[in-house]
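*Asks:* Following this message is one structure expressed as structure tokens.
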Amino acid sequence: MVSASMGAGHDTVAAELVRRARERGDDALIVDVLALLPYGLGGALRRFYRGSVRHFPWVYAVLYHLFLRPGAGRRPGGTPLARLAGGRLRELAERSGADVVVPVFHLGAQLTGHLRARGLLPVPSVVLVIDFAVHRQWLHPGNDHHLCLTEQAAREVRESTGGSAWTCGPVVAPEFLADPATADTSAPSPPGVAGWRELFDRTGPGRPAVVLSAGAWGVGTHLEATVRILTDHGFLPVVLCGDNERLRRELSGTPDVVPLGWVTDMPGLLHAARALIDNAAGQTAVQALAAGLPVVGYRPIPGHGADGVRRMAALGVSDLAEDGTALLGALRRLTAPGRARRDRIAAGHALFTDDAVARVTALVDAERAHR
């Protein structure tokens, strides 16, 4: 599994793929494509990206427009950078006896596509596209197959690369998955739910708990203003600050707010809350969908975040709030028991169509049968 330490989402997906593979009796390992890059380039790339999205989002917006934005036309790509990791990946694949390489990060997809197109990687590459909106760096025609979250994404991949693309749905750990028929009942929940609900009741009695996600790095636009909107209108914001200690400190002690650092019990938290406010359409959003938690996109980070949030709303699996009034309206509708909440939960659960590891294994077995 070729991942990247850009936040936590890619590594979370890779870890779940490894768990599933080993559960099936196979073996698997994760490699960080940033660690494969020489001269410390991977660490520099991570620091630059993190600094951009946290302090200068307009810089990332410009880079996304130049390098990643979907659409036709010649633009710079990531292949020249990815090629620098080629020798190390080839050595690792040979030493481990790998039967398949599965990138879950777009730079990894550029790397495997480059190697496969030149006959330098002897085993198939199956790219797992974990974004709802497929930007162009996921697309390298040298890769053998792509697995996507939705059929629309798979169709876009086929049209862009001329290659094979299939739908497998999002990848989450089984602890997140809830039965949509019992999502609003007293059916059994993950063990940590009771503790989270007790915390919510102590902090904001009678207030619906709404998780505000800022990713592993605690990145977002006007997060404090969003918190004020929620508290002023009767909600209990549960803020995922990630490793942003400054944000957590600023929110600590604020009445009717639960600021959290790094959370190890995400299944329990999401099952205990009533909605998620999302700004990136990343792994936290799909974990919420699995847990039967309605998602509202609001103030997304630029680039892939904004595109992904819009795509989720267009698919009907989330709402998109353009301003504070729309945010409050969506939350009132989706946190209350009723048809709107049930329908949104059911739409989210419908995405989980197949097991990515089973798909990868089937594709590799089919290639072997045709040799």
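The values are calculated or read from the model by the stated rules, or taken from the named source; none is laboratory data. In this text, all values refer to a predicted model and were calculated from it rather than measured experimentally. Counting neighbours? That spans all protein chains shown, and the Cβs are built from the backbone with ideal geometry, glycine included. In case anyone asks, the SASA skips ligands and DNA or RNA and just uses the protein heavy atoms, side chains included. Shrake-Rupley method; radii C 1.70, N 1.55, O 1.52, S 1.80 Å.
*Asks:* Compute a Gaussian network model of the chain, connecting alpha carbons closer than 10 Å, and tell me which residue from Pro170, Pro190, Pro300 fluctuates the most.
*Replies:* Looking only at Pro170, Pro190, Pro300, the largest GNM fluctuation is found for Pro190.
*Asks:* Beyond 38 Å, what percent of the Cα pairs of the chain remain? Walk me through the numbers on the way to the answer.
*Replies:* Working: 11886 of 68635 pairs.
It works out to 17 percent of all Cα pairs.
*Asks:* Using every pair of alpha-carbon atoms in the stretch 305-360, split the distances into 5 Å bins beginning at 0 and state the percent of pairs per bin, rounded to integers.
*Replies:* Computed distribution, short to long bins: 4, 16, 20, 23, 18, 9, 4, 4, 1.
*Asks:* I need two numbers for the stretch 109-148: Rg to one decimal and Dmax as a whole number, Cα atoms only, in Å.
*Replies:* 9.8, 30
*Asks:* Using only Cα atoms, what Kirkwood radius does the stretch 11-129 have, in angstroms?
*Replies:* On the way: mean 1/r = 0.0637 Å⁻¹.
Hydrodynamic radius (Kirkwood, Cα pairs) of the stretch 11-129 is 15.7 Å.
*Asks:* Let me ask another. Could you work out the pair-distance distribution P(r) of the stretch 276-329 from its alpha-carbon pairs, with 10 angstrom bin width and percents rounded to whole numbers?
*Replies:* Pairs per bin, as whole percents: 29, 59, 11.
*Asks:* Arg202 versus Glu91, label points 7 Å from Cα toward the beta carbon: distance in nm?
*Replies:* 5.2
*Asks:* Using only the alpha carbons of the stretch 181-278, determine the length spanned along each of the three principal axes and report them from longest to shortest in whole angstroms.
*Replies:* 37, 27, 22
*Asks:* Okay, moving on. Pick out, in residue order, every one of the trypsin sites (Lys or Arg not before Pro) in the stretch 1-57 that is DSSP loop and has at most 15 other C-beta atoms within 10 Å; say none if there are none. Mind dumping the intermediate values first?
*Replies:* On the way: sites: Arg19, Arg20, Arg22, Arg24, Arg46, Arg47, Arg50, Arg54; in loops: Arg24.
Those satisfying the criteria are Arg24.
*Asks:* Separation between the Glu224 and Ala173 pseudo-spin-labels, each 7 Å from Cα along Cα→Cβ, expressed in nm?
*Replies:* 3.3
*Asks:* Taking DSSP loops as anything outside H, G, I, E and B, show the longest stretch in the chain free of chymotrypsin sites (Phe, Trp or Tyr not before Pro) there with at most 16 other beta carbons within 10 Å. Could you put the intermediate results ahead of the total?
*Replies:* Values: sites that count: Tyr39, Trp262.
With a cap of 16 other Cβ atoms within 10 Å, the longest stretch comes to 40-261.
*Asks:* Tilt of helix 151-161 relative to the longest C-alpha principal axis of the chain, in degrees (0 to 90, nearest 10)?
*Replies:* With both axes taken from Cα atoms, the answer is about 30 degrees.
*Asks:* Rounded to two decimals, what ratio of Rg to Rh does the stretch 4-71 give with C-alpha atoms and a Kirkwood Rh?
*Replies:* Details: Rg = 15.5 Å, Rh = 14.0 Å.
My calculation of the ratio gives 1.10.
*Asks:* Rolling a 1.4 angstrom probe over the protein heavy atoms, how many square angstrom per residue are accessible across the stretch 182-278? Before the final figure, lay out each step's value.
*Replies:* Values: 4230 Å² over 97 residues.
I get 44 Å² per residue for this part.
*Asks:* Rounding to the nearest 10 and keeping the result within 0 to 90°, find how far the Cα-based axis of helix 86-96 lies from the longest principal axis of the chain.
*Replies:* Its long axis makes an angle of about 90 degrees.
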